[in-house]
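Report on the structure given below.
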Amino acid sequence: MFMLDWFMSMTLFEQILYGIAIISTGLFVLKGIFLIFGISSASDGLDVDCADATGISYFSVIGVLSFLAVGSWGAILAYSFSDSHLVSIIAGLFSGFVEVFATIQFIRLLRNVQESGNLKISLAIGKIGEVYLTIPPMELGEGKVNVVINGSLRECQAVSLDKTSIPTGTKVRIVDLQGDDVLVVQRESEIME
């Protein structure tokens, strides 16, 4: 009964703002719970195909719900200080747009971190490494090489075109890539000659 009295004591404008805020916040939380537990995907086919170059959709269900939730709560807060409909609408739109912009920037940051974590093994070509496990001759098998790629020490599969095995501890230069993830190496002394 208290909640109904509280709601009825508001102006129509406040009732509309609170209605939007409560419903959009509830749906936003529900959608988030569904995403966490794998009940739904980030896009259930309801998203508008309006993504930027990074593939981030500006008009997704979750994006619209978050805009409405943050914007309506921002408008309610502004209205409590100013009692002006125009000021509260402008504050609500501003806070909603800031929230969407901040979320998009955060997602871009996360995607950049994810992409930079991927190893591009082709960056090893031309670098010097050290044999970790003996590499058989003439591509008769694979050994392992330790090499620094993008500032990180990596252990990679390697083959050799040499006529003799390359023993552990030998310095080698990566000269090519075989397939997607096997380095082709030569002894460092053979390259210098």
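The values are calculated or read from the model by the stated rules, or taken from the named source; none is laboratory data. Predicted model, so just to flag it, every value in this text is computed and none were measured. A quick note on method: Cβ atoms are made from the backbone with ideal geometry, for glycine too, and the neighbour counts reach across all protein chains shown. The accessibility values were calculated without ligands, DNA or RNA, using every heavy atom of the protein model including side chains. Shrake-Rupley method; radii C 1.70, N 1.55, O 1.52, S 1.80 Å.
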Practice task
Mind listing whichever residues of region 126-141 are at negative phi, open to solvent by 40 Å² or more (accessible area, probe 1.4 Å) and more than 34 Å from the chain's Cα centre (by Cα)?
Solution key: Leu133, Thr134, Leu140
Problem - Those residues of region 69-94 which are within 34 Å of the chain's Cα centre (by Cα), of a type outside the set (Phe, Trp, Tyr) and surrounded by fewer than 20 Cβ atoms within 10 Å (Cβ to Cβ), in sequence order - result: Ile76, Leu77, Ile89, Ile90, Leu93
Completion exercise
Contact list, first residue from region 27-44 and modelled with pLDDT under 85 and in a helix (DSSP H, G or I), second anywhere and open to solvent by less than 80 Å² (accessible area, probe 1.4 Å) and β-branched (Val, Ile, Thr), beta-carbon distance below 9 Å, six or more apart or interchain, is Lys31/Val61; Lys31/Ile62; Gly32/Ile62; Leu35/Ile62
Practice task
Can you confirm whether region 159-172 contains a residue that is under 15 Å from Ile128 (Cβ atoms), open to solvent by 70 Å² or more (accessible area, probe 1.4 Å) and assigned to a strand (DSSP E or B)?
Solution key: yes
Completion exercise
Filtering region 12-22 for residues that are farther than 12 Å from Trp73 by Cβ and either in contact (Cβ under 8 Å) with a residue 24 or more places away in the chain or open to solvent by 60 Å² or more (accessible area, probe 1.4 Å) (or both) leaves a count of 4
Exercise for the section: Evaluate region 53-65: report whether one residue or more is in a loop (DSSP other than H, G, I, E, B), open to solvent by 60 Å² or more (accessible area, probe 1.4 Å), of a type in the set (Gly, Ala, Ser) and at pLDDT below 80. Expected result: yes
Practice task
Might you check whether a residue that is within 13 Å of Leu123 (Cα to Cα), at pLDDT 90 or above and under 37 Å from the mean Cα position of the chain (by Cα) occurs anywhere in region 165-173?
Solution key: yes
